[in-house]
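Only one structure is covered here, and it is reproduced in the block below.
Read the figures in this text as sums done on the coordinates, not as results from a lab. The structure displayed is predicted, hence computed values, not measured ones. FYI the Cβ positions are ideal-geometry reconstructions off the backbone, even for glycines, and counts take in every protein chain you see.
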Amino acid sequence: MAKRAPAGGDGPPVPELIPPRPSLGQVRDVANGCRACHLYRNATQTVFGEGPRKAAVMLVGEQPGDAEDLAGHPFVGPAGKLLDRALAEAGIDRKIVYVTNVVKHFKFEPRGKRRIHAKPNGAEIAACRPWLETEIALIKPRVLVCLGATAAQALLGRAFRVSQQRGAFVPSSLAPRVTATVHPSSILRAPDDESRRAEMQRFVADLRRVAAELT
Ligand code: SF4
């Protein structure tokens, strides 16, 4: 009998789902049926990463949001639109960027008719991580960018502080150049227009450092 996953899922753990020497398309197909942790139960669908197979840049966020869960595509909601604007301002062609998340199902708390984002915990992140590791292994991005604290701490260690270390390149075996910045949703949550503009400028400045690595 197949081993059950430890994070409250009722399917096999992710490593048992990944075929030997898979293609990106195969991995995406298998991930669509993942039940390795309990998050699949309330979400609409798996939201796998998207972008070119030979993307030079991989952006890793936390998890799909409400709009992404419904659409089945990453970074298509308000934060994704802000990200697209920031990439364009930084001079990074969206066509060389692969976007994904450390967790592939939307975790939320229902509040009336709304679904409020809930932060994934360590067990959920650990259960889902092999999908991300497989994406990184297949795409081999030149630059990997963690968006926000959840992605940064999952990939760069729990001691990593985005507030202090954003924009800096850090040694990592994940990719030749690895850095972190804020998640674009944090810019949308800025309390007023002025701070939103300032945060956007800082975000674009971090992305310009990534653009400089590509030239
Ligand atoms: S969140 Fe990840 S590990 Fe959990 S069911 Fe979804 S794809 Fe599988």
Filtering the range 42-56 down to residues that are of a type outside the set (Lys, Arg) and touching a helix residue (DSSP H, G or I) at 6+ places or on another chain (Cβ under 6 Å) yields 43, 44, 46, 47, 48, 49, 55, 56
Filtering the range 37-63 down to residues that are more than 29 Å from residue 207 (Cβ to Cβ) and in contact with a Ser or Thr (Cβ under 8 Å, 6 or more places away or on another chain) yields 40
Checked pairs for the range 88-117, first at positive phi, second among the charged types (D, E, K, R), C-beta under 9 Å and 6 or more apart or across chains, list as 91/208
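Determine whether residue 129 is over 30 Å from residue 23 (Cβ atoms), in contact with a helix residue (DSSP H, G or I) (Cβ under 9 Å, 6 or more places away or on another chain) and not small (Gly, Ala, Ser).
No, not satisfied.
Considering only the range 87-110, how many residues are surrounded by 21 or more Cβ atoms within 10 Å (Cβ to Cβ) and outside any loop (DSSP other than H, G, I, E, B)?
Result for the range 87-110: 6.
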Pairing a residue in the range 11-40 that is polar (S, T, N, Q) with any residue that is not in a helix (DSSP H, G or I), where Cβ atoms lie under 8 Å and the two sit 6 or more apart in sequence or on different chains, gives 26/19; 32/45; 32/46; 32/48
So, first residue surrounded by 17 or more Cβ atoms within 10 Å (Cβ to Cβ) in the range 200-212, second residue of a type in the set (D, E, K, R) and part of a helix (DSSP H, G or I), Cβ within less than 6 Å, six or more apart or across chains; the pairs are 204/89
Meets criteria (more than 16 Å from residue 7 (Cβ to Cβ), touching a Pro at 6+ places or on another chain (Cβ under 7 Å) and away from the ligand (no atom under 16 Å from the Cβ)) for residue 55: yes
